[in-house]
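The values are calculated or read from the model by the stated rules, or taken from the named source; none is laboratory data. Only a predicted model underlies this, so the values are computations on that prediction, with no experimental measurement involved. So basically every Cβ, Gly included, is an ideal-geometry build from the backbone, and we count neighbours across all protein chains shown. Surface accessibility is based on the protein's heavy atoms, side chains included, excluding ligands, DNA and RNA. Shrake-Rupley method; radii C 1.70, N 1.55, O 1.52, S 1.80 Å.
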Amino acid sequence: MKKLYVVGIGPGEYESMSIRAQRILSECQVLVGYTVYVELIERYFPGKRLLTTPMRREKERCQLAFQEAEAGNDVALICSGDAGVYGMAGLVLELAGQYPQAEVEIVPGITAASSGAAVLGAPLMHDFAVISLSDLLTPWVKIENRLRAAAQADFAVCIYNPSSKKRADYLARACRILLEYLPEDTVCGAVKNIGREGETSVILSLGKLLEYEADMFTTVFIGNSQTKAIPTAGGKLWMVTPRGYQL
């Protein structure tokens, strides 16, 4: 019997991967993952057997990893960010009963909410909600309800999966919902390709975010009523949601 590790590799850059994740990926004979994520790390772990599946083949990917573990290999099923935040950890644990010979271990990583927030400054210093706009597994009406609830509760909001080719207008739809409760000048931010080549970021108002072109590699941050844009001496802006410390 060998072990199946479900490993969060962080945003993509090798330096943002935990030491524990690096060690496990170095020790495993087989690395399994979504094609894009395997391509991000394969150069750092030469000599591994790499098994990939495309988007929307998540169950097959997990089953493949279990089969390799039951065949006697130490296997790492890799996920971007954290394996337990929109990753594969939950599905692996739901399937684990079908593979009693394989032991499972979950290895956390830095999720996009944390890594993207660090690029923008400190937008999540107080209570916040994380909401995915992908309606592949969640009905849109439920996503709408969650957006409304977060806005009414004055949470800062981190949005995953804001847009795609098939969902080009979803971020704009979400902004229109939030604008029912929040002023247009609410401070927001967006980061594309966090920790990868081509990383870009912007701080803008909720009104301007309505027109912003996001993609699946963008993480969006909506401030609460206290969030502000703080300029630096060099002209850079920081997005900051105060915790309430007395200055």
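Numerical summary
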{"quantity": "Given (1) open to solvent by 70 Å² or more (accessible area, probe 1.4 Å); (2) at negative phi, number of the condition residue 86 does not satisfy", "calculated": "(2)"}
{"quantity": "Residue selected from the range 10-29 under the condition open to solvent by less than 40 Å² (accessible area, probe 1.4 Å) and touching a helix residue (DSSP H, G or I) at 6+ places or on another chain (Cβ under 6 Å), by the criterion modelled with the lowest pLDDT", "calculated": "12"}
{"quantity": "Close pairs from the range 146-172: first open to solvent by less than 30 Å² (accessible area, probe 1.4 Å), partner among the aromatic types (Phe, Trp, Tyr) and part of a helix (DSSP H, G or I), Cβ under 8 Å, at least 6 apart", "calculated": "162/170; 163/170"}
{"quantity": "The range 220-233 - residue that is part of a strand (DSSP E or B) and open to solvent by 10 Å² or more (accessible area, probe 1.4 Å) and, of those, nearest to residue 154 (Cα to Cα)", "calculated": "228"}
{"quantity": "Those residues of the range 16-34 which are over 19 Å from the mean Cα position of the chain (by Cα) and in a loop (DSSP other than H, G, I, E, B), in sequence order", "calculated": "28, 29"}
{"quantity": "Scan of the range 35-52 for residues that are touching a strand residue (DSSP E or B) at 6+ places or on another chain (Cβ under 7 Å), open to solvent by 10 Å² or more (accessible area, probe 1.4 Å) and not in a loop (DSSP other than H, G, I, E, B), ordered by number", "calculated": "35, 37, 42, 49, 50, 51, 52"}
{"quantity": "Cβ pairs under 7 Å, 6+ apart, first in the range 211-225 and among the charged types (D, E, K, R), second assigned to a loop (DSSP other than H, G, I, E, B)", "calculated": "215/163; 215/164"}
{"quantity": "Residue under evaluation residue 247, criteria (1) open to solvent by 30 Å² or more (accessible area, probe 1.4 Å); (2) closer than 25 Å to residue 10 by Cα, criterion not met", "calculated": "(2)"}
{"quantity": "Scope the range 37-51; condition touching a residue at least 12 places away in the same chain (Cβ under 8 Å) and more than 19 Å from residue 66 (Cα to Cα); matching residues", "calculated": "40, 41, 44, 45"}
